[in-house]
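Chemist: Can you read through this structure? Questions will come right after.
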Amino acid sequence: MKSCRIITGEKCEGKSTRMMHIAKEIPNSVGFIMPRSDCGYSLYSISSEKAVPFMTDRNIFPDRIGKWYYDQSLFEMILDELSEVISGTVLIDEVGRLELDDGGYAPVLRLLKDRDIDLVVSVRKSFADDVIRKFFQGEKVLVEALS
């Protein structure tokens, strides 16, 4: 990994919005952003510029963490897509509890550590230290706090 930048903030403080701005500022960046939607969160692909329902408090997905239902198979699709990336800038929004439990984006983060990329992730402030310890120990990390 060439560089790692972590955007931190509290819930609903603008992490995903900041990630969208970064994606627009950096041509040819790839990755996934999770903006809030009416009933939870969507998964927005920077490459395809399409969003799909991703996480909701309604019992419509097979997997669950806390009050949120989601589909772990979407993370497998993300891993497949990002496994092709060998250089450039990759953005990953909302790294947190799932990843600390080795789910969600965890396999993607491990894969990308060995690539010639600039990585930008957003992390809720309460998870930031644990995420840095687990995934970026020994790496030079730039932390950008929104608050």
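Chemist: Grab the beta carbon distance between residue 81 and residue 102, set R0 = 30 Å, and tell me the FRET efficiency rounded to 0.05.
Modeler: In this case the efficiency is close to 0.90.
Chemist: Another question about this same structure. Quote to one decimal, in nm, the extra length available between residue 144 and residue 36 on full extension: 0.36 nm per residue of separation minus the C-alpha distance between them.
Modeler: Gain in length upon complete extension: 36.8 nm.
Chemist: If I model segment 10-111 as equal point scatterers sitting on the Cα atoms and use the Debye formula, what is log10 I(q)/I(0) at q = 0.13, 0.17, 0.22 Å⁻¹?
Modeler: -0.45, -0.78, -1.33
Chemist: Can I get the semi-axes of segment 1-61's equivalent ellipsoid? Compute them from the C-alpha gyration tensor as square roots of 5 times the eigenvalues, in angstrom, largest first.
Modeler: Sorted largest first and rounded, they come to 22, 15, 10 Å.
Chemist: Ranked from highest to lowest mean number of other Cβ atoms within 10 Å per residue, what is the order of the peptides 77-84, 97-104? If you can, show how the numbers build up before the last one.
Modeler: Values: 77-84: 14.5, 97-104: 17.0.
By packing density, highest mean first, the sequence is 97-104, 77-84.
Chemist: Right, something else. Using alpha-carbon pairs under 8 Å, 6+ residues apart, how would you state the relative contact order of segment 1-72 in percent?
Modeler: Value for segment 1-72: 16 percent.
Chemist: Given the peptides 135-145, 115-125, 15-25, 43-53, arrange them by the average over their residues of other C-beta atoms within 10 Å, most packed first.
Modeler: For the peptides 135-145, 115-125, 15-25, 43-53, the packing ranking is 115-125, 15-25, 43-53, 135-145.
Chemist: Taking R0 as 22 Å, what FRET efficiency do you get between residue 45 and residue 25 from their Cβ-Cβ distance, rounded to the nearest 0.05? Each step should come with its number before you reach the end.
Modeler: Numbers: r = 18 Å, r/R0 = 0.80.
Plugging the Cβ-Cβ distance into 1/(1 + (r/R0)^6) gives 0.80.
Chemist: I would also like to ask the following. Assuming R0 = 25 Å, can you tell me the calculated FRET efficiency for the pair residue 125 and residue 52, based on Cβ-Cβ distance, to the nearest 0.05?
Modeler: In this case the efficiency is close to 0.40.
Chemist: As a test of the formula, what do you get for the chain when each DSSP H run with n ≥ 4 contributes -39,500 (n - 2.57) and the sum is divided by the residue count, at 222 nm and rounded to the nearest 500 deg cm²/dmol?
Modeler: Computed ellipticity for the chain at 222 nm equals -7500 deg cm²/dmol.
Chemist: Positive end of the dipole of segment 77-138, charges at C-beta (+1 Lys, Arg; -1 Asp, Glu), about the Cα centre: which of 98, 87, 137 has its Cα farthest in that direction?
Modeler: 137
Chemist: Given axes a ≥ b ≥ c from the Cα gyration tensor, I'd like to know whether segment 70-147 is rounded (a/c under 1.5), prolate (a/b larger than b/c) or oblate.
Modeler: Here segment 70-147 falls in the oblate category.
No value in this document is a laboratory result; all are computed from the given coordinates. Every value quoted in this text rests on a predicted model; they were computed, and no experiment measured them. A quick note on method: Cβ atoms are made from the backbone with ideal geometry, for glycine too, and the neighbour counts reach across all protein chains shown.
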